[in-house]
1. Have a look at Gly72, Gly125, Leu111 and report the one farthest towards the positive end of the charge dipole of segment 20-137, computed about the Cα centre with Cβ charges (Lys/Arg +1, Asp/Glu -1).
2. Rank these for me by crowding, Thr17, Thr70, going from fewest to most other beta carbons within 10 Å.
3. Taking only Cα atoms, what is the 0 to 90° angle, nearest 10, from helix 74-86's long axis to the longest principal axis of the chain?
4. For the chain, give the share of DSSP beta bridges that are antiparallel, in percent and rounded to the nearest 5; count only bridges with both residues there.
5. To the nearest 20 Debye, how big is the dipole of segment 25-86 about its Cα centre, given +1 on the beta carbon of each Lys and Arg and -1 on that of each Asp and Glu?
6. Determine the dipole magnitude for the chain: charges of +1 sit on the beta-carbon of Lys and Arg, -1 on that of Asp and Glu, nothing else is charged, the reference point is the Cα centre, and the result goes in debye to the nearest 20.
7. Run the dipole for segment 41-140 about the Cα centre, Lys and Arg Cβ at +1, Asp and Glu Cβ at -1, nothing else charged, and hand back the magnitude in debye, nearest 20.
8. Looking at this model, which pairs from Lys14/Lys228; Lys86/Lys215; Lys93/Lys226; Lys40/Lys194; Lys33/Lys83 are more than 21 angstrom apart at the alpha-carbon?
Amino acid sequence: MRLGAGITDNHKGKFWTIFSAIVTREGNPKNIKTWADLAKDGVKIIAANPKTSGIAIWEFLALWSSVSLTGGDETAALDYVTKVYKNIPVLTKDAREASDSFFQKGEGDVLINYENEVILAQIGGLKQPYVVPQVNIFIDNPVALVDKNVDKHGTREVAQAFINFLYSTEAQREFAKLQYRPVNPTVTQEVASKQPPIQTLFTSQDLGGWELIQKKFFEDGAIFDKVKAASKA
């Protein structure tokens, strides 16, 4: 497997970027501005379960790295994340259920969701304020050309053309309309004023890559299970 040629190499196969956002109630009565604020007493968080939801994995990693990769050790990260999960009364099975609980049922003080989902909800008429934490994690959305597969089916040329198109100005503008953050420099400039910059950005590689992440955090008996058990104690 290899990345597409040219511009795709520059972005390590990522054809748009997306970050986690924290949605609050109108007026932000709990004064939630950073990841650290989610550990405060009296904050009720609506969030999904990392064992059943993709976004919940990223949420957990964002919370963990906001401590472990900014000068804190893993003991401090474990303590912090446990406090956050104590503020989550019930883990929903997926992001949609979490959003429905927060927006439709009026449950909770805070919802963690993808930035673009929050913006689209606002465009659709939901007006809860949100913040994109300045310490955040780059949510992977890679595309790659699989040599064995394209050679077997004789589709290398069309597959490469499709990958190249994903980075074109035309395609990137369409991603931007859906509130994803483009990686094409021209389109990035066009939307820069509408998208708050991220000051400290981490990736899955900073946490050791996906094989290590799965084993360390999400296998049975790993860190997430320990956090969940401790948060219910």
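None of the figures in this text is laboratory data; all of them are computed from the coordinates on show. None of these values were measured; they are calculated from a predicted model. Positions of Cβ are backbone-derived with ideal geometry, glycine not excepted, and every protein chain shown enters the neighbour counts.
1. Going by the charge dipole, the pick is Gly125.
2. Working: Thr17 21, Thr70 13.
Listed from fewest to most nearby Cβ atoms, that is Thr70, Thr17.
3. 70 degrees
4. Values: 11 of 18 bridges.
In the chain, DSSP labels about 60 percent of beta bridges as antiparallel.
5. Numbers: 8 positive and 7 negative charges, 59 e Å.
Dipole magnitude for segment 25-86 comes out near 280 debye.
6. On the way: 27 positive and 27 negative charges, 63 e Å.
Roughly 300 debye for the chain.
7. Details: 8 positive and 13 negative charges, 55 e Å.
The dipole of segment 41-140 has a size of about 260 debye.
8. On the way: Lys14/Lys228 32 Å; Lys86/Lys215 23 Å; Lys93/Lys226 19 Å; Lys40/Lys194 30 Å; Lys33/Lys83 17 Å.
From the list (Lys14/Lys228; Lys86/Lys215; Lys93/Lys226; Lys40/Lys194; Lys33/Lys83), the Cα-Cα distance tops 21 Å for Lys14/Lys228; Lys86/Lys215; Lys40/Lys194.
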